[in-house]
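Enquirer: I am attaching a structure below and will ask some questions about it afterwards.
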Amino acid sequence: MSQRIPNGRWYGDEIETMLTKELVKRLFRASGEWVRYAVNHMGEPSPPVSEPGDFPGKRSNKGVGGGNLREKVMSEVEARILTARVGTNVSYGKWLQLGTKKMEARPWMSKTNEAMRGRIAQILGKKIR
C-alpha cells in the first residue's frame with residue numbers, strides 16, 4: 001500500500017540517487033581505510049623473514065615480501081552494485097595469505113579484516129542525514 005504525499009510529488013528517485021551516492025562515498029572511504037591499515041602493518045622490516053601468522057615483512061630487496069606487495073594493495077568500488085573489493089594483483093599475495101606446502105601463512109588480509117571490521121561497520125552504518 002503506497003502512501004500519498006501531500007503535494008502529490010514523488011521523491012523516491014531523488015532519494016534513491018542521494019542514498020546511492022552517499023553509500024558509494026562510504027564504500028570508497030571504508031575500502032581506502034582497509035588498504036591503509038594493511039599497507040601500514042606490512043611495512044615493518046622483518047629480518048630475514050616474517051613469522052608465520054604475522055603480516056608479511058618488508059624485505060630489503062624490493063620485489064620480495066612486503067615491498068612490492070605493499071605497493072600493490074588496492075581497492076575498487078563498483079557503484080552499480082554497491083560493492084567494494086580489496087586485495088592485490090600480486091600473485092604471491094595469495095600465497096602469503098593462505099600459505100603453501102613450504103611456507104606457513106602470513107594472513108595479512110584476514111588480520112586486516114579482523115582489525116577493520118568495527119571501523120568499516122562504523123563508516124557504513126553511520127546515520128545518513
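Enquirer: Can we say ILE81 is modelled with pLDDT of 95 or more, under 14 Å from LEU23 (Cα atoms) and touching a Lys or Arg at 6+ places or on another chain (Cβ under 7 Å)?
Expert: So ILE81 fails the test.
Enquirer: One residue is enough: does the stretch 20-39 have a residue meeting the conditions modelled with pLDDT under 85 and exposed (fewer than 14 other Cβ atoms within 10 Å of the Cβ)?
Expert: no
Enquirer: For the stretch 48-63: of the residues being closer than 15 Å to TRP108 by Cα and in contact with a strand residue (DSSP E or B) (Cβ under 9 Å, 6 or more places away or on another chain), which is modelled with the lowest pLDDT?
Expert: Ranking the candidates gives LYS58 first.
Enquirer: Continuing with this model, one more query. With respect to ALA84, determine if the residue is surrounded by 15 or more Cβ atoms within 10 Å (Cβ to Cβ) and part of a loop (DSSP other than H, G, I, E, B).
Expert: Answer is no for this residue.
Enquirer: On to the next question. In the stretch 97-129, how many are out of contact with any helix residue (DSSP H, G or I) (no Cβ under 6 Å at 6 or more places or on another chain) and either of a type in the set (Val, Ile, Thr) or more than 18 Å from GLU33 (Cα to Cα) (or both)?
Expert: 9
Enquirer: While we're on this one: Is it the case that SER2 is surrounded by 13 or more Cβ atoms within 10 Å (Cβ to Cβ), hydroxyl-bearing (Ser, Thr, Tyr) and either modelled with pLDDT under 90 or out of contact with any Phe, Trp or Tyr (no Cβ under 9 Å at 6 or more places or on another chain) (or both)?
Expert: Spelling it out, it is not the case that SER2 is surrounded by 13 or more Cβ atoms within 10 Å (Cβ to Cβ), hydroxyl-bearing (Ser, Thr, Tyr) and either modelled with pLDDT under 90 or out of contact with any Phe, Trp or Tyr (no Cβ under 9 Å at 6 or more places or on another chain) (or both).
The values are calculated or read from the model by the stated rules, or taken from the named source; none is laboratory data. In this text the structure is predicted, and so the values were computed from the model without any measurement. Note that we place each Cβ from the backbone using ideal geometry, even for glycine, and neighbour counts take in every protein chain shown.
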